[in-house]
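The values are calculated or read from the model by the stated rules, or taken from the named source; none is laboratory data. Just so it is clear, the model here is predicted, and its values are computed rather than measured. Virtual Cβ from ideal backbone geometry, glycine too; neighbours counted across all protein chains shown.
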Amino acid sequence: MEFSKEELERYSRHLIIPEFNIDGQRKLKAAKVLVVGSGGLGSPLLLYLAAAGVGTIGIVDFDTVDKTNLQRQVLFTVDDEGKSKAQSAKARLEKLNPHIELVVHETQLTSANALEIIEQYDLVADGTDNFPTRYLVNDACVLLDKVNVYASIFRFEGQVSVFNYVSEDGTRGPNYRDIFPEPPPPGLVPSCAEGGVLGVLPGIVGSLQANEVIKVITGVGEPLAGRLFLFDAASFTTRTLKLRRDPNNPLNGEHPTQTALIDYEQFCGLKTPLPQEEILENITVQELADWQQSGESFTLIDVREPYEYEIAHLGGILTPQKSLTEHIEKIPREGKVVLHCRSGKRSGEVIRLLKKEHGYTNLINLEGGILAYAEEIDNSLAKY
């Protein structure tokens, strides 16, 4: 593996580290790393892997850049709003390091394509924020004997580990299924979009994740295999937990029962049919606009937070989800009542709660929330 004069100058601070030197840099240049997700964790992860000189970096992402991403996804700028994250990431990283190859997989990683995509790479770095994809990435890596460098973030907390790593003595380390055999019930753990995340946290945790990728590739240092690193940015405390393999792991336990990828949406309970009492009556944003124009009699309830209301609103009565019981008298029990939030998820949760615990029978959920209304009806709300 040869280096040009420009590359030797670029990586000189690596080359003078005795434990790293030219051998470590050669391993980086020869490596192929797949980064799943280019958002909060993926941004610092991709930036540092590209800067370090990882020879081939694959980027899996099918999302577009949104204004709300810019608080933490430092790979993007305001000029990227509305554009493909994967393509924007590629353009940014090419400017950072022209000596590497960037491969874009502008698609959602699924059970149908995961093995084919992951098989092309030496290891995977998982920067996703949902349980179905985490289990999918983990299982594909185990089935393909690939290392999975894992990280996750929420509010002020982050965690990092190295899964499915084979140590020098040939022993295989734990994987995600050894820690979390089953996903939590749907809705129990909110996403960053619902629960929030401190903007600097993914920068810290994503950098630690990049550090583990580099250690695995070069053999320098001791990877976080068999350990789970926990970080709390609010208290600035850390813990490192020891992990052990679960003999009941369905992938590689004592009696494996799973030899292929499965339906991870169903596995995580996202396809479970709802009980009849939890089925919502919905209205589209176009139907709502028609009601508004025709003077249809209805009450509009906004269950978002006050700061969200200040950014953009549809003129509804503000009744935040978190303080719902304190303002329940604002929600009529007769007539048509439409509830909305940002995307339709929180308003759906509120409706189910009101139906189950307070006996409401007249509530309608706005599909897609104010985001859909801004996109389809009133573009002046697009800043939200």
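Select from the range 325-344 the residues that are surrounded by 16 or more Cβ atoms within 10 Å (Cβ to Cβ) and either under 29 Å from the mean Cα position of the chain (by Cα) or not in a loop (DSSP other than H, G, I, E, B) (or both) and list them in ascending order.
Initial filter on the range 325-344 (surrounded by 16 or more Cβ atoms within 10 Å (Cβ to Cβ)): 331, 336-344.
V337, V338, L339, H340, C341, R342, S343, G344 - these are the residues of the range 325-344 that are surrounded by 16 or more Cβ atoms within 10 Å (Cβ to Cβ) and either under 29 Å from the mean Cα position of the chain (by Cα) or not in a loop (DSSP other than H, G, I, E, B) (or both).
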Filter pass, Q25 being modelled with pLDDT of 95 or more and either of a type in the set (S, T, N, Q) or within 23 Å of the chain's Cα centre (by Cα) (or both)
yes
Exactly one condition in (1) within 22 Å of N252 (Cα to Cα); (2) free of Cβ contacts under 8 Å to residues at least 40 places away in the same chain is not met by P98; state its number.
(1)
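Condition check ((1) under 28 Å from R26 (Cα atoms); (2) in a helix (DSSP H, G or I); (3) modelled with pLDDT under 95) across all residues:
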{"site": "I59", "(1), (2), (3)": "yes, no, no"}
{"site": "F62", "(1), (2), (3)": "no, no, yes"}
{"site": "H99", "(1), (2), (3)": "yes, no, no"}
{"site": "L102", "(1), (2), (3)": "yes, no, no"}
{"site": "D129", "(1), (2), (3)": "no, no, yes"}
{"site": "C141", "(1), (2), (3)": "yes, yes, no"}
Those strands (runs of 3 or more DSSP E) completely within the range 223-318 that have 2 or more residues that are at pLDDT 95 or above and not assigned by TED's automatic domain parsing to the domain that holds V350 are 227-232, 237-242
Among K322, K356, which is at pLDDT below 95, closer than 22 Å to G196 by Cα, surrounded by fewer than 18 Cβ atoms within 10 Å (Cβ to Cβ) and in contact with an Asp or Glu (Cβ under 8 Å, 6 or more places away or on another chain)?
K322
Looking only at the range 302-324, how many residues end up being of a type in the set (A, V, I, L, M) and more than 26 Å from the chain's Cα centre (by Cα)?
4
Could we say that G53 is outside the structural domain of N211 (by TED's automatic domain parsing), in contact (Cβ under 8 Å) with a residue 40 or more places away in the chain and either touching a Leu at 6+ places or on another chain (Cβ under 9 Å) or at positive phi (or both) here?
no
Please go through the range 106-127 and give me each residue that is over 25 Å from P223 (Cβ atoms), in contact (Cβ under 8 Å) with a residue 40 or more places away in the chain and either touching a strand residue (DSSP E or B) at 6+ places or on another chain (Cβ under 9 Å) or not in a loop (DSSP other than H, G, I, E, B) (or both), ordered by number.
E106, T107, Q108
How many of the residues making up the range 1-20 are outside any loop (DSSP other than H, G, I, E, B) and closer than 19 Å to Y48 by Cβ?
7
Scan the range 82-90 and tell me whether some residue there is at negative phi, part of a helix (DSSP H, G or I), touching a Lys or Arg at 6+ places or on another chain (Cβ under 9 Å) and not polar (S, T, N, Q).
no
Determine whether G58 is surrounded by fewer than 24 Cβ atoms within 10 Å (Cβ to Cβ) and either in the same structural domain as Q73 (by TED's automatic domain parsing) or closer than 25 Å to Q108 by Cβ (or both).
yes
